[in-house]
Amino acid sequence: MSERPRERGRHSLLWPGLALPGIVWLCLFFLVPFYVVLGVAFGTVDPLFLTPQPEWNPLRWDPHAFEFVWEGLASGGGFRTVFLRTFAYVAIAVAISLAIAYPVAYYVARFGGRFKGLLLAGLVAPFLISYLMRMLAWINLLQEDGWVNAVLMWVHVLDTPRTWLDGRASSVILGLVYGYVPFMILPLYAFLDRVDRSLLEAARDLGASRFHAFRLVTLPLSTPAILAGCVIIALPMFGDYYTPDLLSGSPNTSLLGNQIDLYIRGGQQVPVGAALVVCLMLLLAVFMAYYLYATARAERRLGR
Amino acid sequence: MHGRHPRQSAGFSRRDFLQRSAVGALGLTSLGPLLAACGGENGNGNGNGGGNGGSGEPELLLARPDSPVEWPLFDDNPPIESGLEPENGTLRIYNWNAYLWPRLLRQFEKEYGVKVELTTFTTADEATAKLISGAVDFDVYFPTPDRLGRLVLGKILQPLNLDYVPNLANVWPSLQDPFYDQGSRYTVPYTIYTTGIGYRADEIAEPPETFDNPYDVYFDERNRGKTFLLDDSREAIAHMLLRAGVNDVNSEDPAAIEAAKAELITLIDAVNVKLSTDDYTYIPEGRATVHQAWSGSLISAPYYLPEGLGPEVLGFWFPEDGRGSIGNDMIAIPKSAQNPVLAHHFVNYVLDEKHGYDNFVNFVGYQPPFTSIDPDRLVTEEIVPPNLESVVVRESDFDVAYFLAELSPAGANLWQNAWAEFKAGV
């Protein structure tokens, strides 16, 4: 114990040195791009070329793009519709993902036994194929004469083929769930695998049923993992715009990401797109703050 | 403002998604638009240099068929001298993907003893941003008429010396002297296309031509779920304007645009309308029964028909009197070209009757405006199936059709915001 301070002194440059790549990474790939987005959002457009003209000096920032977004939100126009829809889709998709991911992670962690490695490999396998390719595959499967309808009709769940790709919210939400659920299983698994079995044995010894032991011990213990899983999948879902493009194509399922895409990839109102990005990031920051608060509280409660 | 372009119908949307998915796969999806913003920003940050010269006195005029524009020549941006020998450097071409027959490039290489390097872009916005940035120097570029004024006044393009381009004589006389570039000072035409309504004749409830107002086919509830508009603000809104009898497809009248937007929004409930630029595959594959479509897409569509179906199941409606929306693409030479003489030779090469025709029928599918191409022979020679005769563009179409031209900045915002409202759904 007494050696520790000395050791730390000897390596005083080593530890900050190890953090350096991470800090440089964060600055280069988060802070600088984020400032660029702010500059574009508060900037103007070139009068001739109509390309965005970022304003680097915060004192000269021009909030007109934010005013435009705010008016759209306040007046109940398209932006509000899309914001609300995006929240609803993400909330439902996260809830379904949790309902799928938790039992899977629990099973693998507790009962995987010698197949644990194999099951894990199976869970990671979808990552070997790009998200896009998996979605394109779903387009084929979900077509009216595709396999999904064939199977559902064979087992008499459906009488007539369902038009899955007909601009349905359910298809987009299922697409989001399918695309992101592995990201939720892995953190849950990592956590549940480390739950101290002796705690469960103690609960059983003290008379708790299996279910009680799960509800009173495992579930509270895994709260931070559940929150982490939700955050990990909710963040990319909020920015998703190709899932609705591919699985629906209808304006009625367009998400915030689609509006950002529209304003940034074409035309001369790139600042509006950038302002939407900033608004989305601010909202997500609120969620992140809640996540940090909730995990801190959970850890405190667990006495760590 | 032109978010999409006919060439995007030749298979980029998938490629596009691939690029997007690279970001998605990293789980950094929300960074996607952010990175895109950076890209745009960089293009512009350096762009000041390019823009300085142009933002001076000459006014950005909005060219219209009834008010043609002759772009000014600038002393500091002269055309090349006549009678120069072509350089023997590498010819660098900047074009849409799959918009030039590779064999044509190989032939040119052989004939001139040079190398040709083709770089492609996926959106006109991306391409202009890169050119404006000055970070790239291409010898040949394929611009669209709706941003020509900016490229000229910003001195991104150099004036052409038509002494090197005698083959311009092969082009329809009206397009040798087009309204958007009188005297072909900066551009020559490359391909032409119309925007009509493509459909699957065997599945549609009633083809467009049977309606009193053929644009009403978009509202036919019997095609519910299988009705598509082009995912392009200009094209989709233009068809709603034409349906309402507003023939100025470049209208900046807020009331007209508002009405068109309202019509688009009613399509959501009426037929569950969807948007795509994959007209060339969705129609043959049957995903779309009715799809707003570019004429060139229907020439490629037969390749994508399921086995057992012939081109007779495809249909394309364009007003018989030619009063529909029309457009064309161009070839130009950037000011920063390293091989301007060779580039002029290449422009002339593409306008050669045989080269242009081969390029069209063997690969591109979009028609060059040559007097030597007899529209009727395209059908008799089975380049175009007889039932798709309406995809053939005639010179007379340009006299009456409505050209999607450049909008003023305020007008462009009006169109884009209406489009964004529609795309937000209800």
Q: Pick out which of A:L256, A:L123, A:L31 has the largest mean-square fluctuation in a Gaussian network model of chain A, springs linking Cα atoms closer than 10 Å.
A: A:L31
Q.
Helix B:254-271 against the longest principal axis of chain B: what's the angle in degrees, Cα atoms only, rounded to the nearest 10?
A. 50 degrees
Q | Fraction in percent of alpha-carbon pairs per bin - 10 Å, the range A:87-135 | A | 23, 36, 34, 6, 0
(Q) Which of B:E85, B:E59, B:E353 ends up with the largest GNM mean-square fluctuation for chain B, with Cα atoms connected below 10 Å? (A) B:E85
Q: Would you work out the charge dipole size for the protein assembly as shown about its Cα centre, treating the Cβ of every Lys and Arg as +1 and the Cβ of every Asp and Glu as -1, and quote it to the nearest 20 debye?
A: 5240 debye
Q.
Counting C-alpha atoms alone, how compact is the range B:101-145: give Rg to one decimal and Dmax as a whole number, in angstrom.
A. 12.7, 33
Q) In degrees, nearest 10, range 0 to 90: what is the angle between the Cα axis of helix B:102-112 and the longest Cα principal axis of chain B? A) 20 degrees
Q: Would you mind computing, in nm to one decimal, how far apart the modelled labels at A:S75 and B:R106 are, each placed 7 Å from Cα along Cα→Cβ?
A: 5.7 nm
(Q) Suppose we keep just the DSSP beta bridges with both residues in chain B; what percent of those would be antiparallel, to 5? (A) 60 percent
**Q.** Cα-based Rg and Dmax for the range B:115-246, where Dmax is the largest Cα-Cα distance (Å)
**A.** 19.9, 57
Q | Cα Rg over Rh - the protein assembly as shown, Kirkwood | A | 1.02
Q. Just A:A95, A:A202, A:A234 to compare: in a GNM of chain A, with alpha carbon springs under 10 Å, which one fluctuates most?
A. A:A202
**Q.** Overall Cα dimensions of the range A:211-301, principal axis frame, Å, largest first
**A.** 57, 27, 15
Q: Taking every pair of Cα atoms in the range A:144-183, average 1/r, invert it to obtain the Kirkwood radius, and report Rg/Rh to two decimals.
A: 1.05
(Q) I need the calculated FRET efficiency for the pair B:T90 and B:T371, taking r as the beta carbon distance and R₀ as 35 Å, to the nearest 0.05. (A) 0.60
Q: Please quote Rg/Rh for the range A:52-174 to two decimal places, taking the Kirkwood radius as Rh and restricting both calculations to Cα atoms.
A: 1.15
Q. Mind listing the Cα extents of chain A along all three principal axes, in Å, largest one first?
A. 75, 73, 35
(Q) Distance between the C-alpha centers of the range B:231-266 and the range A:96-135? Whole Å please. (A) 49 Å
Q.
Averaged over its residues, how many other protein chain Cβ atoms are within 10 Å of peptide A:248-261's Cβ atoms?
A. 6
Q: Give me the percent of DSSP beta bridges within the protein assembly as shown that run antiparallel, rounded to the nearest 5.
A: 60 percent
Q) Any idea what diffusion coefficient the range A:141-297 gets from Stokes-Einstein, in µm²/s, Kirkwood Rh on alpha carbon pairs, 25 °C, 0.890 mPa s? A) 128 µm²/s
(Q) Just want the ordering: A:I260, A:I96, from fewest to most Cβ atoms lying within 10 Å of their own Cβ. (A) A:I96, A:I260
Q: Using only C-alpha atoms and all pairs of different ones, pull out the Kirkwood radius for chain B in Å with one decimal.
A: 22.4 Å
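Where a number appears in this text, it was derived from the coordinates with a stated rule and is not lab data. Everything quoted here is computed from the prediction, not taken from an experiment. Please note: Cβ atoms are built from the backbone with ideal geometry, for glycine as well, and neighbour counts cover all protein chains shown.
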